[in-house]
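J.: There's a structure below that I have some questions on.
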Amino acid sequence: QVERGSILILESLDRLSRQQVFTALNLFSSIISAGVEIVTLADGQHYTPENVNDIGQLLFSLISMSRSHEESAIKSRRSQSSWEKRLQIATEFKIPATGQSPHWLKLSEDKKRFIVKEECAEIVRLIFKQSIAGVGRRKIASDLNEKGVKPFGKRASKWHTSYIARVLSSRSIIGEYQPKKAGEPIGEPISDYYPTIVSENDFCRAQASQQ
């Protein structure tokens, strides 16, 4: 879609890719082979289909890509190490590893514990009470909407069955935290991490009533 003779302008070559050198080189060469030139502003380099065959120019490109990948890898290792230390502290001392929390909780000012937002917690307890009584999720959502109960979240306009289901199945309600990375669970859940909103017995009863 990009015409031959076009020029791709980058701040530096490491903005093209932070992947492994040969993967980045493949992307670099495919752009050049398509007749698109690359200019890097930081070092004034100008890569074209003609001069890229210059071994010196190519070596310069490889060094830049290698440095970029190594810097990215170092940052990734440091980030992973930092996250593992925070999880260890969270497991041993129950100190929050992250500021993220369910809507019925908030992080304290000193960032060392979570505080229950009672107004929201009461809604959660009401949802569980109705579920235990045998009221279906659709009916629970409908009742909350009819009563004008404000839904959790800034963008939410009303209660939905799917969110009621998420609340009823969230083990954070009984104080459990499941660390995740890129949306996928990592490691074992941490118990007693959050303040408990309902008892574990009521949590199990609510699950059973919805089956």
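Listed here are the residues, each with its yes/no results for (1) part of a strand (DSSP E or B); (2) in contact with a Pro (Cβ under 9 Å, 6 or more places away or on another chain); (3) among the β-branched types (Val, Ile, Thr).
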| residue | (1), (2), (3) |
| --- | --- |
| 102 | no, no, no |
| 109 | no, no, no |
| 121 | no, yes, no |
| 127 | no, no, yes |
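J.: Here's something else I'd like to know. Among the residues of segment 133-146, which ones are open to solvent by 50 Å² or more (accessible area, probe 1.4 Å) and either touching an Asp or Glu at 6+ places or on another chain (Cβ under 7 Å) or over 18 Å from residue 170 (Cα atoms) (or both)?
T.: Scanning segment 133-146 gives 133, 134, 139, 145, 146.
J.: Can residue 86 be described as modelled with pLDDT under 75 and closer than 30 Å to residue 26 by Cβ?
T.: no
So that you can scan it fast, the table gives a plain yes or no per residue for (1) more than 23 Å from the chain's Cα centre (by Cα); (2) farther than 15 Å from residue 103 by Cβ; (3) modelled with pLDDT under 95:
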{"residue": "166", "(1), (2), (3)": "no, no, yes"}
{"residue": "172", "(1), (2), (3)": "no, no, yes"}
{"residue": "187", "(1), (2), (3)": "no, yes, yes"}
{"residue": "200", "(1), (2), (3)": "yes, yes, yes"}
{"residue": "204", "(1), (2), (3)": "yes, yes, yes"}
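J.: Quick one: residue 159 ticks every box in (1) in contact (Cβ under 8 Å) with a residue 40 or more places away in the chain; (2) in a loop (DSSP other than H, G, I, E, B); (3) over 19 Å from the mean Cα position of the chain (by Cα) bar one, so which box is it?
T.: It fails just one condition, (1).
The values are calculated or read from the model by the stated rules, or taken from the named source; none is laboratory data. Remember, predicted model here, so these are calculated numbers, not experimental data. Here Cβ is always computed from backbone atoms with ideal geometry, including for glycine, and neighbour counts include all displayed protein chains. Keep in mind that these areas ignore ligands, DNA and RNA; they rest on the heavy atoms of the full protein, side chains included. Shrake-Rupley method; radii C 1.70, N 1.55, O 1.52, S 1.80 Å.
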